[in-house]
Structures are given as C-alpha cells and as structure tokens.
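Each remark here refers to the structure printed beneath this line.
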Amino acid sequence: MPSTAGGFLRQSWRSFASVADNSSWLGGGLKFKCTQCGKCCTGGRERVVWVSEQEAGAIAGSLGLEGDEFADRYLQPGSVTSAGSRLSLRKNSTDTACIFLQHGKCAVYQSRPTQCRTYPFWPEPLTSRHDWESEALRCEGIQIKNSPPHQQHRQHHNAALEQSGSLRSGSAERDPLGNQETSLAVPAGSAETEVSDAAVPVESVKRQLVLEEISRSGEMGGTTYSDMDELLTSISPELVDEFADEFFAKRGRRILHDSRRWRVLDTWIGDPAEHFRSLVLKACPGYAQTEVQLMKQADSTLVRHDKLCQPAHKAMCLAFALQAMSQKHMHSAAASSLHKPVSVHDAQAVQPSTNLAVAIVGAGACALPMAIRHHFPKAAIDAVDIDAEALDLAQCFFEAQEDAHLMLHNEDGVKFLTKHGVTSQFDVIMLDVAAPDPAGDPGTLNSIPAQFLSPVFIQEGLRRRLRPGGVAAINILGGLPALKEAIFKITPHFQHLHALCTPEVNILFGRAPLGSDADSNSGRTALWRVTAAAAALKPLHSLCDELLSEQFEQWAVNDELHDVLRSEYGYGWFSAQDLMEK
C-alpha cells in the first residue's frame, strides 16, 4: 500500500489518451465562495460526515475531550475503524444535520474534517455541468452564469414545479420534444451575503478533488487535510493533473434531451461498460425519476430491461413476494400458518399468479413497468403518469413499448384508480409519486402528494382496487416523519402494514385482507417470511439483486446486525406498530 500521495497517484494513474476530455465544462474555473450558510452540513440519511481517526482526535482535542468520551458523544454508534478506514459523526436529534452545526455555524470549524474543507469540489458535483448546477440548489456560494437573484430563483423554482405537476400530482401540458440547451435556475447568493465574482482556478478545483479522492480511498492511513495537502505540495504538479484528468476521463454525463421541464442524461462512471440513462426533472435536478442501465451491442446502445437501477424500484418489487405469500395462504386449508415462519418447502411453493394484474402510478420513463414486463411476461400492466412528455421520452429514449400486456396511460393517478363504475382489480399497486415541500430547500422532493393520502383515495383507489391478498407498495420520501404520517392515514383502511427502511429508501407495504385473515405484527417474523418467499421467486433475484443478497438476507439471519440496524440506525423491516412507537 503506498504511503505517500505521490505513490497513491502513480498507482492510480493510467493513460486515457484516447478518451475525450470531459473536464472542458470547467472552463477557466468555477465561481464559488463559501458564505458559511451551513446548508452543506444538513441533509438526511444520504449525507454523512466522515472523519479519519486523526481528524476525530483533532476535533476531540479542540473540545478538550479524551478519545473515548468524544467517541461516545459524537461518533456514530457502531463505528469501528481499521487501517485506512473512516468513522462518521452523529447527526443532530432530528437526523437532519451534523451534530456540530450549532446556530447555523460549525462549532469545530478550525478542526473540521477533509470532506468539509474540500466541498463543493467533490467527485459528485464535478461529474458534469448538470451536477454542478444541481449542487448550486443546495449551496448558495456556487454561482452559475446568468443566474437570477435568490428570491427570483425561489419563484422560478416553484413555477417550474407547478408546470411539471410536482412530478406527478398536478396538470401538465404536452410539450414538443425539443432539444434546446437551457440552464437550471440556481441561487446567486442571498441578499445578506453577496458572493464574489472571482472564479476558483481550474488548478485549485482539481487539487481539492484529488485531496477528497485520497481521503475517501484511505490509502494514506486516514491522515488530516493539512497532512495530505503538505504531501501533495511535495510532488509533481503534473502528477496531480494526471490524476484529476483520469477522474474526468472515467466519468461524465451527456445531455440527450433538454426541454423546459425534463433532461435525459447519459452517465458513465468507472467501467466504460457501465453506462446509465436517466430522466431528471429540472426543478429537482438531483432526483432521477427514472434510471436504466445501458449496454453496447455492435454499433448500437440498448436499454437493459432485465435489471433495475434504483433502490426504491427494487424494494417495491418485494410486493410480489408478499402477494405470492398471500395467495398461497389464502388457498391453504391451515389459515393458522400465517403465524408461522415460512419453511423451505413452503418457500418453494410460493409462486406468482399467472394472471397477475399490476398498476404503477408515477411510471415516468417506465423503467419499472418494463422490468416487470420482462420478468413477469404474462402479467397485465397499467403504467400511469400525468406528464405526457415523460411518457413520450419513455418511448423515445428508454425503449418503452406498449403491447398486449403493457398499457401506458397519460392520466392523473388518483383519477385512474378511483374511476366510478370501474370494477377491475389488481394484485399489486405501486405508487412512486413525489412532491416538494413548499417550505423546504429548492430542488428537493421529500413528500408524497397529499391527494394520494386522502381517505377517499386510500379506500377507493387502493383498498377497493386490490384483490384479496393484493399488495400496495408506496415509496415514501421525507424520512421517518413522513412514513409515520402515511401510516397514520392508511391504518384505518389497511390492517396489515409493514415498512422496509434502508439507507436509501422507505417503502410502505399494505396488504388487502384475505378470506380468513390473520397476521403477525412482528417485524422480525415478517422479515423472515418475506425473505424466504422472495428467495423462491426467481424474477426477484434479477429485480432486487443487491437488496436481497447484500441487505435483506443478512438482516433476516443475523440477529445482532438486525437489532443494531433497527435500534441505532432505524433500518430494517418494521410493522406499523413498531414505527408508530419510535
């Protein structure tokens, strides 16, 4: 293992002379000046503050604390370290910000860790112009050319959301599929804190990127920012440039479609064979509504419909395991078996119905409907989205095709499921709908639209439209508060509710009653049963591969891991009662 920055860079660097320069969008530099607004210190589960052992020691020293006392008070429970690994800081009591963000300022600013010093010149924001503009919605110190003032941005942001139907819930006019180049609206700094027009030179941007990459790698034994910076100064500037150029050669994004509301992006990161295509709402550019994996075949690029990329989509597909279990038990003479763990013999008998009926509301570019179509070829699938342009893009760029088994509906999801006189029912209903919090930060989606949690919709659009034993899977954004609100509203209509909470997503599952109904409220029992059933459904191994192999099965068989994840992090499989008591 190399012990110096130079050794790490030489080991990592390879020639990419044949690859296009994807750093050209940097121009002569990037306009940024920290305003100390504290927004980079905030964020839910997706934003973690990492520290090395040395950095943790430096922060502890600045607070006059011994190492053990500092770890107990400020390090995330369960953190363990070894050579080259990093620890993480606790969040505040509401799980929304770093524990050291106090009164809008960093309480340990002088000894802050590397990732706080290198921000916003991290790999993610520097991947492309799109990503830099997206980060500007969070960071008011980032300036984008010709961007409006902060207050004008808020109005522009809200107007864009209104035009887009808040992703799924409003009205949307049909737009021609243009490809005009437009920029995202981003704040230029608040009225209280004006930002300098001076740009950070490209050389400085690349240097901060390299420091962040070295810190993440742990190749230098987890030293401090100052130590790494000093070592970096001692090596050839050309080597630093070569490492940064490698980064840009290995990743980037290309804009395929750019309209008033939507962008279609092709992304490559790492292995050239690992290319992805995504549909992004420009008002919320950090949120991919749809993402698919691409594969090269001869001179063409094809969309892979056999795999799902997004954690929420993978998790929602566990509804098929729940539905299959329900059907097996409904046709079983021993209704009491619902209280018992599923045996290996039982698991092998769990299979989906051949006449499966599925409704997906918030289909977007149809990655989820097409994947289900691929793995359940006899299923009848209705894919619904209020945004006509999104469905057009699904067919133009994501190879979505209607046939006898898949129908695309440009319709309001609430109206589609609550139509008067419609008596057809579904085995699985999936809701992948989201809306912004009007009082939240621009560019974020953190709640399900209110109309999808109304008593009328829950009863008429979900409960009535599910067959006995059918399952509704709902993607809940907004963390535990939003999940508990959804449970509170849905409980009067669904007796059997469980939630899967992972680091990436919270999915709520509601099952319609069976003929002779009984169920266990134990989160662990439900987890074991669903895992066993999912293992028997071969399509789920492709649809939910990482979820099943890396997370779900471990949680089911490892009591200690399951208990730590549930108690300390809030991850796992929970009954509604479990969650309401948290």
Some residue of region 354-374 being at pLDDT below 85 and not aliphatic (A, V, I, L, M): yes
Of residues in region 228-241 being acidic (D, E) and at pLDDT 85 or above, the one nearest to V205 (Cα to Cα): D229
Some residue of region 497-511 being at pLDDT below 80 and either in a helix (DSSP H, G or I) or open to solvent by 30 Å² or more (accessible area, probe 1.4 Å) (or both): yes
Close pairs from region 244-265: first free of Cβ contacts under 8 Å to residues at least 24 places away in the same chain, partner part of a helix (DSSP H, G or I) and surrounded by fewer than 20 Cβ atoms within 10 Å (Cβ to Cβ), Cβ under 9 Å, at least 6 apart: none
Whichever residue in region 95-134 is β-branched (V, I, T) and within 21 Å of the chain's Cα centre (by Cα) and, among such residues, is surrounded by the fewest Cβ atoms within 10 Å (Cβ to Cβ): T96
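The values are calculated or read from the model by the stated rules, or taken from the named source; none is laboratory data. Keep in mind that what you see is a predicted model, and the values were worked out from it rather than measured. Glycine gets a Cβ as well: all are built from the backbone with ideal geometry, and neighbour counts include every protein chain shown. The protein model used for the area step is the full one, side chains on, heavy atoms only, and it has no ligands, DNA or RNA in it. Shrake-Rupley method; radii C 1.70, N 1.55, O 1.52, S 1.80 Å.
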